[in-house]
Amino acid sequence: MAENKLVAVKGMNDILPPDSARWDWFEETVRALMRRYGYLGIRTPIVEPTPLFVRSLGEVTDIVEKEMYSFTDAMNGDALTLRPEGTAGVVRAAVEHSMLYDGGKRLYYIGPMFRHERPQRGRYRQFHQVGVEALGFAGPDVDAEVILMCRTLWRELGLADVRLDINCLGHSDERKVHRAALIAHFEAHRELLDAEAQRRLHSNPLRILDTKNPAMQALVEAAPKLMEYLGEESLRHFDALRAVLDAAGQPYRVNHRLVRGMDYYGLTVFEWVTDRLGAQGTVCGGGRYDGLAELVGGKPAPGIGWGMGIERVLDLLAQGGAQPPLPRPDAYAVVPAPEALPAAMQVAEALRAAGIAVLMHAAGRDVWGSMKSQFKKAHASGAAHALIFGADELARGEVAVKPLRDSQAAQVSRNLAEASAWAHELRTPQQP
């Protein structure tokens, strides 16, 4: 009955063809990029111990306070959470499996994350991220590497209007001094703080700097800047990063209000932002988290990484009119009668083994369809060739190969038993 129809959970969306093909294309582009930069894939569980995120992200963060999907395991009472982000799980895995015993590791992941928030464009309860984590590397050179990796990805995707913001959060002792100055500043103007800022005033005042409340912008602009409290080592790290970006010709803005939403960040933080996604303009964000390994129970180890929302990137591509290539078969097998099916299937399998994409005509239970209807489907498939397994061709031990996209090319016949020898004739470049 219609009233019993089951649908997906709100904010958790099906990805259907042809959109799924665009996702595949994007992920393949990312994986090829990671190979060129020497990053290896890692896959961590979707469910992690809740304390992992409370420790790493901070108790007084929107994610922990409002957005996590947490539950108690009915079997053993463990507190568990669907991962809201990828970095903590990767660092937990590196610590648990002693991955850094022989040196630093460059890693990346692709997968779903979960946050219980109001679904809106580009922000869903199940969303997907690409992330990189460079573990065991303390220098600003790797900071620059992961940032410039993003630039390369934007170029390969054809995204031109994404800009870079950077900041330096220094070390924890420097942030403590700045924190005290922030509290004093906001305390002196408490009447101008909204309810959310007043709640954060003593627990996480740095997050007040990220407010979107127009009435608080002047107060925030006048707040003490963390850069004024940084020591020589932190400034040297930040200056070295900027020198590499300058040499690479990468424009950026030093955004003193850029703090990111997780407590584990220190030193370098950055965001790639756009004006085409409204108020939620961050496409990719990340930074350095040198203290995170200790927070999850490991030995001190530096790290830096970023996370990128796949839905947002694909949304940007669609807005710009970009149409990622959809997969097209090289050939469509036209099978006029059931008697031709064994030979057609054998040839199709031989061609597929040789790397040729072959789409077989699929009949109904007893209806094969006319040649005219099959050719119509062959054209609609985007295939460059039709393979015709007619009775006359089969009697000669042949298959007819008819070009579908080149009106000047002639139809030819090829030996059924030698498909692997002529397979290369069917290979066509995949075009957008």
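Being buried (at least 19 other Cβ atoms within 10 Å of the Cβ), out of contact with any helix residue (DSSP H, G or I) (no Cβ under 8 Å at 6 or more places or on another chain) and modelled with pLDDT of 95 or more: is that true of residue 95 here? Judged against the criteria, residue 95 is not a match.
Has the stretch 286-305 got at least one residue that is among the β-branched types (Val, Ile, Thr) and either surrounded by fewer than 18 Cβ atoms within 10 Å (Cβ to Cβ) or touching a strand residue (DSSP E or B) at 6+ places or on another chain (Cβ under 8 Å) (or both)?
Scanning the stretch 286-305 turns up at least one residue that is among the β-branched types (Val, Ile, Thr) and either surrounded by fewer than 18 Cβ atoms within 10 Å (Cβ to Cβ) or touching a strand residue (DSSP E or B) at 6+ places or on another chain (Cβ under 8 Å) (or both).
Which residue out of 253, 257 is within 29 Å of residue 155 (Cβ to Cβ) and crowded, with 17+ Cβ neighbours inside 10 Å? Step through it out loud before you land on a result.
On the way: 253 fails: crowded, with 17+ Cβ neighbours inside 10 Å.
Just one listed residue meets the conditions, 257.
Quick check: is even one residue across the stretch 41-52 touching a residue at least 24 places away in the same chain (Cβ under 8 Å), surrounded by 14 or more Cβ atoms within 10 Å (Cβ to Cβ) and of a type in the set (Asp, Glu)? Yes, the stretch 41-52 contains a residue that is touching a residue at least 24 places away in the same chain (Cβ under 8 Å), surrounded by 14 or more Cβ atoms within 10 Å (Cβ to Cβ) and of a type in the set (Asp, Glu). Do you know which of the residues in the stretch 105-135 that are out of contact with any strand residue (DSSP E or B) (no Cβ under 6 Å at 6 or more places or on another chain) and of a type in the set (Gly, Ala, Ser) is farthest from residue 304 (Cα to Cα)? Looking at residues that are out of contact with any strand residue (DSSP E or B) (no Cβ under 6 Å at 6 or more places or on another chain) and of a type in the set (Gly, Ala, Ser), I get 122.
Looking at 387, 404, 416, which one is crowded, with 17+ Cβ neighbours inside 10 Å and under 37 Å from the mean Cα position of the chain (by Cα)? Matching residue, one of 387, 404, 416: 404. Residues of the stretch 60-77 that are at pLDDT 90 or above and either out of contact with any Pro (no Cβ under 7 Å at 6 or more places or on another chain) or closer than 25 Å to residue 149 by Cβ (or both): 69, 70, 71, 72, 73, 74, 75, 76, 77.
Within the stretch 193-296, which helices (runs of 4 or more DSSP H) (wholly inside it) include 3 or more residues that are not assigned by TED's automatic domain parsing to the domain that holds residue 315?
Values: elements: 195-200, 217-221, 232-247, 292-295.
The helices (runs of 4 or more DSSP H) meeting that bar are 195-200, 217-221.
Within the set 165, 173, 161, the sole residue that is within 20 Å of residue 239 (Cα to Cα), in contact with an Asp or Glu (Cβ under 8 Å, 6 or more places away or on another chain) and among the acidic types (Asp, Glu) turns out to be 165. The single condition among (1) under 18 Å from residue 88 (Cα atoms); (2) modelled with pLDDT under 95; (3) not basic (Lys, Arg) that residue 301 does not satisfy is (2).
Against the condition at pLDDT below 95 and either β-branched (Val, Ile, Thr) or surrounded by fewer than 15 Cβ atoms within 10 Å (Cβ to Cβ) (or both), how does residue 318 come out, does it pass?
yes
Quick grid of which residues meet (1) out of contact with any Asp or Glu (no Cβ under 9 Å at 6 or more places or on another chain); (2) of a type in the set (A, V, I, L, M):
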residue	(1), (2)
300	no, no
310	no, yes
323	yes, no
332	yes, no
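Just a yes or no: is a residue in the stretch 117-124 modelled with pLDDT of 90 or more, among the charged types (D, E, K, R) and on the phi < 0 side of the Ramachandran plot? Spell out how you get there, then give the answer.
Here is the first cut: in the stretch 117-124, the residues modelled with pLDDT of 90 or more are none.
No, the stretch 117-124 contains no residue that is modelled with pLDDT of 90 or more, among the charged types (D, E, K, R) and on the phi < 0 side of the Ramachandran plot.
Could you say which residue among 274, 268, 282 is surrounded by 13 or more Cβ atoms within 10 Å (Cβ to Cβ) and free of Cβ contacts under 8 Å to residues at least 60 places away in the same chain? First the steps, then the outcome.
Values: 274 fails: free of Cβ contacts under 8 Å to residues at least 60 places away in the same chain; 268 fails: free of Cβ contacts under 8 Å to residues at least 60 places away in the same chain.
Among 274, 268, 282, only 282 is surrounded by 13 or more Cβ atoms within 10 Å (Cβ to Cβ) and free of Cβ contacts under 8 Å to residues at least 60 places away in the same chain.
A Cβ distance below 7 Å, combined with a sequence gap of six or more or placement on separate chains, defines the contacts here; from the stretch 362-387, residues that are closer than 14 Å to residue 337 by Cα reach residues that are at pLDDT 80 or above and surrounded by fewer than 17 Cβ atoms within 10 Å (Cβ to Cβ) in the pairs 368/337; 368/338.
Against the definition (of a type in the set (Val, Ile, Thr), in contact (Cβ under 8 Å) with a residue 12 or more places away in the chain and touching a Pro at 6+ places or on another chain (Cβ under 9 Å)), how does residue 142 come out, yes or no? Here the answer is yes, as residue 142 does meet what is asked.
The values are calculated or read from the model by the stated rules, or taken from the named source; none is laboratory data. These numbers come from a predicted model, not from an experiment. Glycine gets a Cβ as well: all are built from the backbone with ideal geometry, and neighbour counts include every protein chain shown.
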